[in-house]
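The values are calculated or read from the model by the stated rules, or taken from the named source; none is laboratory data. What you see is a predicted model, and the numbers here were worked out from it, not measured in a lab. With ideal geometry, Cβ positions are generated from the backbone for all residues, glycine too; neighbour counts draw on all protein chains shown. The accessibility values were calculated without ligands, DNA or RNA, using every heavy atom of the protein model including side chains. Shrake-Rupley method; radii C 1.70, N 1.55, O 1.52, S 1.80 Å.
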Protein chains: 2
Amino acid sequence: MSDEMMQAAAIETPAEIGFAPDATMEEALAALMEQIMAVYSVSDDEGPLTDMVERFLRRQPHLTVRRHGDTLVASTDLGRERRVILCGHLDTVPVIDNFPPRWLESGDPAIRGEIAAAHPDERVMWGRGATDMKASDAALLYLAATLTEPKVDLTYVFYDHEEVVAEKNGLRKVVQAHPEWIQGDFAIIGEPTNCGIEGGCNGTMRFDVVSHGVAAHSARAWMGENAIHKAGEALARLNAYEPQAITVDGLEYREGLNATLISGGNGTNVIPDECRIHVNYRFAPDKDIRQAKALMMGADAGAELNNGEHTATGGVFEGFGIEMKDESPSARPGLDDPLAQSLVGLVRERTGREPVAKLGWTDVARFAALGIPAVNMGAGDPLLAHKHDEQVPESDLTLMAGILRDWLG
Amino acid sequence: MSDEMMQAAAIETPAEIGFAPDATMEEALAALMEQIMAVYSVSDDEGPLTDMVERFLRRQPHLTVRRHGDTLVASTDLGRERRVILCGHLDTVPVIDNFPPRWLESGDPAIRGEIAAAHPDERVMWGRGATDMKASDAALLYLAATLTEPKVDLTYVFYDHEEVVAEKNGLRKVVQAHPEWIQGDFAIIGEPTNCGIEGGCNGTMRFDVVSHGVAAHSARAWMGENAIHKAGEALARLNAYEPQAITVDGLEYREGLNATLISGGNGTNVIPDECRIHVNYRFAPDKDIRQAKALMMGADAGAELNNGEHTATGGVFEGFGIEMKDESPSARPGLDDPLAQSLVGLVRERTGREPVAKLGWTDVARFAALGIPAVNMGAGDPLLAHKHDEQVPESDLTLMAGILRDWLG
């Protein structure tokens, strides 16, 4: 640890989460951020932080709090016409010498150059989870305690296991176990976006394109059939394919069709009897999975997850064997809704940012599958997520909390 | 072990190799075959058999015997105009329940159907090395002892480590250490050919054809360059390539150009930054290695074994990276020589077989590199080499020894 790093004292683990009744929004956000940053919550170890957050939420008389595993769902029940869901995951990726957290005072050399330049006289919270996504969590906890009379009903979701395999994902589990807890007209997930709006997401599917041959000694190649040579045709089709950029609800989604892995052959002197090309198709939210599959392998190929190899009956890979490996739906941004449009206007006013399409697959797609439009919007720079020197300037918390307060309050 | 197999008693290991002075050719061959079959000589364990063969050869007053490692070179020095080299390897591939050997009497169910049909009233030697190539070794040992006044000078080579990696090959080593021991006008290697002549061989080279890209997340494929997609062009060229059949000295050699392995990619969601196609080129003896390489990668690409990746400046893979992995020269059959022609005539008369081109790479190419025409000709069915039930009918030994005796005697 460098001397510079030692200048700021590490923040100690709190007993409880909370803030003084007479605290300003800035003071309350700083207190909440300090407290939740100081509780270690790498995926699989969310329990202690979840317990504290649960006690904090249960102290708010206007909220009904439910818990499933390490996921908390807290709702207002004011009989409003519409309901907005606000989500934050409580887990972080593993620590890399960046826990416990610290406040870096203005001038501290550990503050990244671009942050110091944009926020010259400001404290910066440094440590694991600062941007992904405890800054947003702090803002949502502040709103949960203070927005007692919102214009719409609110459902807060604080969930576990976002940073690991999908099957552990707390949001996925609570939706499956208690679909009635997660209902609404619009959802925001607080993934870091510099407080901009990132809408919807591409769907993604992965599958093997398989070619078959007949093995033979390579000195008698004419006795065999070369499966790698046959794969050349599949690569030719990939090269001929022109990925599209597709506009959905005003946002542009760039598609992609790529071989990411290839393997084939059994020996240096053996004509190969099989070759597999692993293909990843990222498709825009104008298509559902069924439509996307039809474009790759024909509408009736029959290839599903874990059902083995099927011959493509049409599409890009017509005639090749297809083995499905993974599929996740796309999500429309849902920005045509007036409720969403008012958020878009507020974000434009406060940050100058227009909504953009989300490229990777995120939990917003889970809401899309429930028929609930969803966007990512959160404090902090997304490029710092998972980095060793994850950090967020203090004003990002007030920016995010302010936008949501003014939109919902 | 089946009951049938037990009917024939295993042959015991002999103390020495030899045959009675009054033995017929058939009796002498049977004795020698029994003896060398009964000495275990899997590659790396040729020592004991080499020692016995050395003592046997040193008992022949008309031979000068030299030894290098486990390779024996025994020569006549009669001042003849021409010299023929006769070679047999003493090692075998590993044993698979087929040692010690046995004579299978006529009617034994362990005799393979096609051998029983062709040799109904004949004993069959069963066990590891029967065809590859102790039957030929026995014939050569018989000739070494009995051809005291041949028409040409003779050099017998009994060598080790033919069945393993080239760097251990005893013939290669003795040629390198004592090139003056291995000189002559024509060479025969006793690899099993059913006593036909298999002439020359294709050369072979193996190399990686490498394409490079730039890694990126597959959700942002346009930030990268897909190395697997680039490899499609190399596969397209392989598919467009039409392998030739080329006639050399009257024998037809079929060439082949094949991808035998392919690999690329670093993860299912990563645009791959490298793809390697392992290519095997089998080229006819009208080309040397230099000419064959020029056809693949241009004359001045500079790719040599162990010198890393070089860009192909021409040829089939122009523009791709090339990393040489293996190269072995082709060998002309050398059947235009009158000495060879007289052997061709004798083989045709005794077996009805015309000479054919050898497809795989064999030790005849080592002689070609020394400027000595060479062919394979040996007792036994080549399709039984390395098999569990390797076996050879007794008359194959007399057929081979008879042809060589009458050609050389």
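Is it fair to say A:V53 is closer than 21 Å to A:Q183 by Cα, of a type in the set (V, I, T) and modelled with pLDDT of 95 or more? So A:V53 does not fit the description; no.
How many residues are open to solvent by 40 Å² or more (accessible area, probe 1.4 Å) and either touching a Phe, Trp or Tyr at 6+ places or on another chain (Cβ under 7 Å) or more than 25 Å from A:F99 (Cα to Cα) (or both) when one looks only at region A:31-61? Can you show your working first?
Taking region A:31-61 as the starting set, the residues that turn out to be open to solvent by 40 Å² or more (accessible area, probe 1.4 Å) are A:34, A:40, A:44-45, A:48, A:51, A:55, A:58-59, A:61.
Filter again for either touching a Phe, Trp or Tyr at 6+ places or on another chain (Cβ under 7 Å) or more than 25 Å from A:F99 (Cα to Cα) (or both), leaving A:40, A:58-59, A:61.
The qualifying residues number 4.
Taken over region B:338-369, the residue count meeting the criterion of being open to solvent by 30 Å² or more (accessible area, probe 1.4 Å), in a loop (DSSP other than H, G, I, E, B) and over 17 Å from B:Y159 (Cβ atoms) is 5. Is it the case that region A:322-337 has a residue that's open to solvent by less than 20 Å² (accessible area, probe 1.4 Å) and over 27 Å from A:G360 (Cβ atoms)? Within region A:322-337, none of the residues are open to solvent by less than 20 Å² (accessible area, probe 1.4 Å) and over 27 Å from A:G360 (Cβ atoms).
Checked against (1) surrounded by fewer than 16 Cβ atoms within 10 Å (Cβ to Cβ); (2) under 28 Å from A:D363 (Cβ atoms); (3) not β-branched (V, I, T), A:C87 passes all but a single condition, namely (1).
Comparison of B:G203, B:G127 shows that the only residue that is among the small types (G, A, S), modelled with pLDDT under 95 and in contact with a Phe, Trp or Tyr (Cβ under 7 Å, 6 or more places away or on another chain) is B:G203. A count restricted to region B:185-243 and to residues that are farther than 15 Å from B:E318 by Cα and hydrophobic (A, V, I, L, M, F, W, C) stands at 17.
Quick test for you: out of B:I372, B:I322, pick the one residue that is among the β-branched types (V, I, T), touching a residue at least 40 places away in the same chain (Cβ under 8 Å) and part of a strand (DSSP E or B).
On the way: B:I372 fails: part of a strand (DSSP E or B).
Being among the β-branched types (V, I, T), touching a residue at least 40 places away in the same chain (Cβ under 8 Å) and part of a strand (DSSP E or B) holds for just one of B:I372, B:I322, which is B:I322.
A Cβ distance below 7 Å, combined with a sequence gap of six or more or placement on separate chains, defines the contacts here; from region A:57-79, residues that are free of Cβ contacts under 8 Å to residues at least 40 places away in the same chain reach residues that are surrounded by fewer than 17 Cβ atoms within 10 Å (Cβ to Cβ) in the pairs A:T64/A:D77; A:V65/A:R58.
I'm trying to understand the selection: among the residues of region B:213-265, which are more than 7 Å from chain A (Cβ to nearest Cβ), open to solvent by less than 50 Å² (accessible area, probe 1.4 Å), under 30 Å from B:V375 (Cβ atoms) and not in a loop (DSSP other than H, G, I, E, B)? Passing the criteria: B:I246, B:V248, B:L251, B:Y253, B:L257. Among the residues of region A:266-277, write down those that are assigned to a strand (DSSP E or B), free of Cβ contacts under 8 Å to residues at least 60 places away in the same chain and open to solvent by 50 Å² or more (accessible area, probe 1.4 Å). Result: no residue meets the conditions. When A:N280 is tested against (1) farther than 23 Å from B:P272 by Cα; (2) in a strand (DSSP E or B), only condition (1) is not met.
The residues of region B:266-303 that are within 14 Å of chain A (Cβ to nearest Cβ) and within 29 Å of the chain's Cα centre (by Cα), listed by number, are B:I277, B:H278, B:V279, B:N280, B:Y281, B:R282, B:F283, B:A284, B:P285. If we keep just the residues of region B:64-84 that are crowded, with 21+ Cβ neighbours inside 10 Å and among the hydrophobic types (A, V, I, L, M, F, W, C), which is nearest to B:R405 (Cα to Cα)? Within region B:64-84, the match that is nearest to B:R405 (Cα to Cα) is B:V84.
Restricting the first member to region B:331-355 and to residues that are more than 30 Å from B:I289 (Cα to Cα), and the second to residues that are open to solvent by 40 Å² or more (accessible area, probe 1.4 Å) and of a type in the set (F, W, Y), no beta-carbon pair is closer than 9 Å while six or more apart or on different chains.
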